[in-house]
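Report on one structure; see the data block that follows.
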Amino acid sequence: MNASRMLSGGLLAGLLLCGGVNGANSASTPSGAIPDFSSNGRTWVLSSGTAFLKVPGDTGPGPIMDKNFPGSAFDQQRGGARAQNRIADTTNPILKPWAKKLMDIANARVAAGGIPFVDDSRCWLGGVPSILLFPGEAVVVFQTPKEVWILSKRDAQVRRIYMDVPHSKNPDYSWTGESVGHYENGDTLVVDAIGLGDQGPLDRYRTPHTRQLHVIERYHLNNGGKGIEITFTVDDPGAFTMPWKGKVDFKAGTPPRSDHWEEDICADNGDGYGFDPDELVPAPHADKPEF
């Protein structure tokens, strides 16, 4: 992540929290035509746990779940049950053989007492849709008629969505790819993402993907504007046998998450949280400065 990206993310988030920026309902946009995710210094936080959920009514296999705690049960455990690390249910038919093999190897390592790889705990950038599972960090949405920015307090990560335009013919590959979007029904932001690099897993079960990944998300305001249900469809013929769907829920942040936006640099937290660094996936680092 370059310095200008981090600076712009911090400045915009600060303006939003001060209530000074909101282009969502500009004079050129009919009143009430689009959902308002950004006014009054609003922040959003993950509320549905750190695993993707199955979309209600979906008849497909859905996302990868926990082998020992089906559904969302892992995040509902306390005490000894929560002390168990995540073991992916690789019987899910969405997985191609090579992806299942990699996940089975990781499962065996974790089951034997190894430390599982969790991308945000190792300061990796969030991809699509994996960034939706970063817990505890406030998210701010910045809306203008031409762009929507989703800003995460963690490392000032910024995702840009270009509104009402087609995809580029040959977008570059990156962590968050190229996202284009439009609004529907006055309460939903629809985002189509391609150009997604193959770095990092899709979830906390270490599900891999390829550069063929294509994700369509729907950000639906609910609960009187106090919540967002985010449903998505993943299509990656390189890693999966079929498209599959998942969802998460966000809720409006409350203090201390909603009233400030301090710098939050993951790498400053130290290396390993008391674990032997040699047992962990290395945190990202730059071989040379970008400025």
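Sorting 61-69, 218-226, 172-180 by average packing, meaning the other beta carbons within 10 Å per residue, from highest down gives 61-69, 172-180, 218-226. Under 21 Å between alpha carbons, and skipping anything fewer than 8 positions from residue 169 in its own chain: which lysines qualify? Cα-Cα hits under 21 Å: 146. Residue pairs exceeding 27 angstrom between C-alpha atoms, taken from 226/247; 54/96; 67/153; 153/247: 67/153. Our coupling estimate for region 42-47, obtained by passing each phi through the Karplus curve with A = 6.51, B = -1.76, C = 1.60 and θ = phi - 60°, is 6, 10, 10, 9, 4, 10 Hz, Gly and Pro reported as x. For region 88-131, the solvent-accessible area with a 1.4 angstrom probe is 43 square angstrom per residue. Applying the Karplus relation 6.51 cos²θ - 1.76 cosθ + 1.60 with θ = phi - 60° to region 179-188 yields 3J(HN,Hα) values of 10, 10, x, 7, 9, 9, 6, x, 9, 9 Hz, where x marks Gly and Pro.
Computed over Cα pairs, the Kirkwood radius of region 119-243 leads via Stokes-Einstein (1.306 mPa s, 10 °C) to a diffusion coefficient of 105 µm² per second. How many percent of the alpha carbon pairs in region 98-180 exceed a separation of 20 Å? Every Cα pair in region 98-180 considered, those over 20 Å come to 50 percent. In terms of its alpha-carbon gyration tensor, region 174-272 comes out oblate; a/c meets the 1.5 threshold, while b/c is at least as large as a/b.
The values are calculated or read from the model by the stated rules, or taken from the named source; none is laboratory data. Just so we're clear, the structure is a prediction, and the values are computed from it rather than from any experiment. Positions of Cβ are generated from backbone atoms using ideal geometry, with glycine treated the same way; all protein chains shown enter the neighbour counts. Each accessible area value is taken on the protein alone, full model and side chains, heavy atoms only, with ligands, DNA and RNA left out. Shrake-Rupley method; radii C 1.70, N 1.55, O 1.52, S 1.80 Å.
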